[in-house]
Amino acid sequence: MMNLQLIALTAAPLTAICALVYGIYLSRKVLAAPVGNAKIAKIGAAIESGAMAYLKSQFRIITIFVAVLAGLIYLFLSPGIAATFLLGAVFSGLIGYFGMRIAVKANTRTANAAQTSLNAALQVSFGAGTVNGMLVVGLGLLGASVVYIISYALKISQGDAAVTKLATDVLVGYGFGAALLALFMRVGGGIFTKAADVGADLVGKVEKGIPEDDPRNPAVIADNVGDNVGDCAGMAADVFESYAVTIVAAMILGGSLFGLKGVVFPLLARSGAIWTSILGTFFVKAKNDQENPLNPLMRGFTISAVSAVVIFMILSVYLLGEPKAGLAAVSGLVAMMALLYITKYYTGPGEKPVVAIAKASQTGAGTNLIAGLAYGLESTLASVIVVVLAILAGYALMGFYGIGLAGMGMLATTGIIMSLDTFGPISDNAQGIVEMAGLGKKANEVTSSLDAVGNTTKALTKGFAIGSAAVAASALFATFFESTKLTAINIAHPTVFAGALLGAAIPFIFSSRLIASVGKAAAEMIEEVRRQWRTIKGIMAGTAKPDYARCVAISTVAAQRELVIPAAITILSPIIVGFALGAEALGGMLAGTIISGLLLALFMTNTGGAWDNAKKYIEDGHFGGKGSDAHKAAVVGDTVGDPLKDTSGPAINPMIKIINIVSLLLAPLLV
């Protein structure tokens, strides 16, 4: 048993450190690539300045909120939970900061490399994305390892039961800190990016008929900044939180079933999966400029996924002596791949639903919206079936522990998945820089192909994030039952049913706040862009420069306005229900939140993604192409879908997990 302790104490943190070292190596490699000419550097500096100013402003608010909450946890729960809460929050914040920093450095270098070859540009953009991936998995595993090491070193208590109790008490705090930062980054980043995007599109494309990344649009820099704060910082913090939460749930449930071995298994399985993600990155190379960039990306992902299956099965047989544990983890990995396929079908360029929505645009914005809503609603069924099968498979194999392992399996390839996701906004920025800097036909063709694939990978990873959030929340739901000693809840009981109804309503009011904020901020952005065109003579002629900083400031202020209230709704609702109606009603609330949150998030992200690609399908020359009536109708659909797919939909992921984690922290007080 001591040897097992020592293995866990060394293998997991060493692997986490290796992941971080690999990320540092890649970041140095990316930064060593040339930026290019002065015009590229100037555009990149404007984007970087706006992105970092936004983060600085956001972190000021977050720091106050986290400090107050840590103090309350210290006073009313325990110093250990407060310490790990801060650890999770700090790690999540570091991932958002450094992940976005490398992204805004890589966009100019990708644009410059695109003048050379597809592979040169791919290596820069994917390399920078991999830095983000290594930050997520490295710090995620390191945090769980640090808590485990401290418990062992301080001899908090003796035996397997002590390790399990520690996991229940303080690893949940770690997950809470990570989840709270993810909520802030998702909410703030989502509002920023969509306020800029909607404002830039409506006045640029629709009113003036100019391209998306035209430097004459005062909102163009804010739009490019938004790609980073929403899709880099927000997504990284979101997935890190899922990564942290699933390992927490698996350690807690594994300790109850297998003792120390059950606690160690998730640590070692995650260690192995990090190595498989690193392995996959070496196979991401474009053979020539004509190859679809999606092919090398999928090669790397496939190698990583298959290798993870092998690692899971070996550890389950030789560590636990129970192959079913490996199969439960594999079921999660298979479910994740199925979710990626479903998301691709409903949102991918050229797929049947996207083409149908584009075709419907020929008869106006109304029919575009109707078609998009219909396909978005339809998409939830297949995705939910996959999540249900993953939960049932995990439970059939290993009970509640199997559900935790299924969630862990879904996130097995997080390292390379995050590489694919961050690659998207970097490529998007690079395409805009190429257009604004006028880098020529070859560079435009290369970045256009990367950007098209990047839109696909961003859509795929959103489906991955939502599905993993649902399974992670289900694992936490199971842990709540363990902590409260409840064996079941009676939905026929009025208080339980009331709790379920309240829980189901929360994602709706939460989403309402965020969508309304995007609408108000976008209206401010539109008025500002119109004002500049009226008052700054020569912008449209190219003889005067727009005030980009003013548009960045509008998005920044709008993002900060909305941070506190959604967080307060998320944290206070389980506290109020738990103390007012009891543990069973709180269990009903958790069920209602998970169910409605999953369905609503799937609907919003898939609908928004389909509207976006329907617009792009028309812009590629179908149904009249750019400037046609169909295109104008599709822009309206994309505008409606923007806050759904990039703000409220993704923000539901951390919201449902925070509600579950807060309920877990309350559990001892409700028994």
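The values are calculated or read from the model by the stated rules, or taken from the named source; none is laboratory data. Quantities reported herein were computed from a predicted structural model and do not represent experimental measurements. Virtual Cβ from ideal backbone geometry, glycine too; neighbours counted across all protein chains shown. Surface areas here come from the heavy atoms of the whole protein model, side chains and all, with no ligands, DNA or RNA. Shrake-Rupley method; radii C 1.70, N 1.55, O 1.52, S 1.80 Å.
Structure data summary
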| item | result |
| --- | --- |
| Candidate set from the stretch 617-648 (those that are open to solvent by 10 Å² or more (accessible area, probe 1.4 Å) and among the acidic types (D, E)); member that is modelled with the highest pLDDT | D629 |
| Residues satisfying the stated conditions in the stretch 195-222, i.e. assigned to a helix (DSSP H, G or I) and either closer than 19 Å to K632 by Cβ or open to solvent by 10 Å² or more (accessible area, probe 1.4 Å) (or both) | D197, V198, G199, A200, D201, L202, V203, G204, K205, V206, E207, K208 |
| Candidates G255, G234, filtered to the one that is in a helix (DSSP H, G or I), farther than 30 Å from A121 by Cα and not aliphatic (A, V, I, L, M) | G255 |
| Filter result for G262 (more than 30 Å from A630 (Cα to Cα), of a type outside the set (A, V, I, L, M), in contact with a helix residue (DSSP H, G or I) (Cβ under 6 Å, 6 or more places away or on another chain) and at pLDDT below 85) | yes |
| Tabulated pairs, the stretch 508-519, first in contact (Cβ under 8 Å) with a residue 40 or more places away in the chain, second hydroxyl-bearing (S, T, Y) and not in a helix (DSSP H, G or I), C-beta under 9 angstrom, 6+ apart or interchain | none |
| Tally of residues being in contact (Cβ under 8 Å) with a residue 60 or more places away in the chain and assigned to a helix (DSSP H, G or I) across the stretch 616-630 | 8 |
| Flag for A541 being modelled with pLDDT under 85, assigned to a helix (DSSP H, G or I) and more than 22 Å from the chain's Cα centre (by Cα) | no |
| Subset tally (residues that are closer than 30 Å to I595 by Cα, open to solvent by 10 Å² or more (accessible area, probe 1.4 Å) and within 19 Å of the chain's Cα centre (by Cα)) for the stretch 445-477 | 7 |
| Residue within the stretch 481-490 that is among the acidic types (D, E) and surrounded by fewer than 16 Cβ atoms within 10 Å (Cβ to Cβ) present | no |
| Residue match in the stretch 341-348 (condition: within 30 Å of V263 (Cβ to Cβ) and without any contact (Cβ under 8 Å) to a residue 12 or more places away in the chain) | no |
| Exclusive hit being farther than 30 Å from V172 by Cβ, part of a helix (DSSP H, G or I) and modelled with pLDDT under 90, set Y401, Y375, Y341, Y318 | Y341 |
| Enumeration of residues in the stretch 649-671 that are of a type outside the set (A, V, I, L, M) and either modelled with pLDDT of 85 or more or open to solvent by less than 10 Å² (accessible area, probe 1.4 Å) (or both) | G649, P650, N653, P654, K657, N660, S663 |
| Test: L502 is surrounded by 17 or more Cβ atoms within 10 Å (Cβ to Cβ), hydrophobic (A, V, I, L, M, F, W, C), at pLDDT 90 or above and in a helix (DSSP H, G or I) | yes |
| Qualifying residue in the stretch 136-146 (condition: modelled with pLDDT of 85 or more and open to solvent by 10 Å² or more (accessible area, probe 1.4 Å)) | yes |
| G326 open to solvent by less than 40 Å² (accessible area, probe 1.4 Å) and without any contact (Cβ under 8 Å) to a residue 24 or more places away in the chain | yes |
| Any pair with Cβ under 6 angstrom, 6 or more apart, that starts in the stretch 562-576 at a residue that is in contact (Cβ under 8 Å) with a residue 12 or more places away in the chain and ends at one that is charged (D, E, K, R) | P566/R513 |
| Complete set of residues in the stretch 561-601 that are among the acidic types (D, E) and over 14 Å from S511 (Cβ atoms) | E584 |
| Options L55, L87, L77: the member that is under 24 Å from G190 (Cα atoms) and not small (G, A, S) | L55 |
| Criterion (open to solvent by 20 Å² or more (accessible area, probe 1.4 Å), touching a residue at least 12 places away in the same chain (Cβ under 8 Å) and over 19 Å from D638 (Cα atoms)) met by exactly one of L389, L381 | L389 |
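Here is a yes/no grid of residues against (1) of a type in the set (G, A, S); (2) closer than 30 Å to N217 by Cα:
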site	(1), (2)
Y346	no, no
A356	yes, no
V387	no, no
L405	no, no
G432	yes, yes
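Here's the yes/no breakdown for (1) under 14 Å from M408 (Cβ atoms); (2) open to solvent by 20 Å² or more (accessible area, probe 1.4 Å); (3) assigned to a loop (DSSP other than H, G, I, E, B):
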site	(1), (2), (3)
K287	no, yes, yes
T302	no, yes, no
A308	yes, no, no
I314	no, yes, no
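Let's see how each residue does on (1) among the β-branched types (V, I, T); (2) under 27 Å from P266 (Cα atoms):
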residue: T10; (1), (2): yes, yes
residue: T15; (1), (2): yes, yes
residue: A32; (1), (2): no, no
residue: I40; (1), (2): yes, no
residue: G44; (1), (2): no, no
residue: G50; (1), (2): no, no
residue: R60; (1), (2): no, no
residue: L94; (1), (2): no, yes
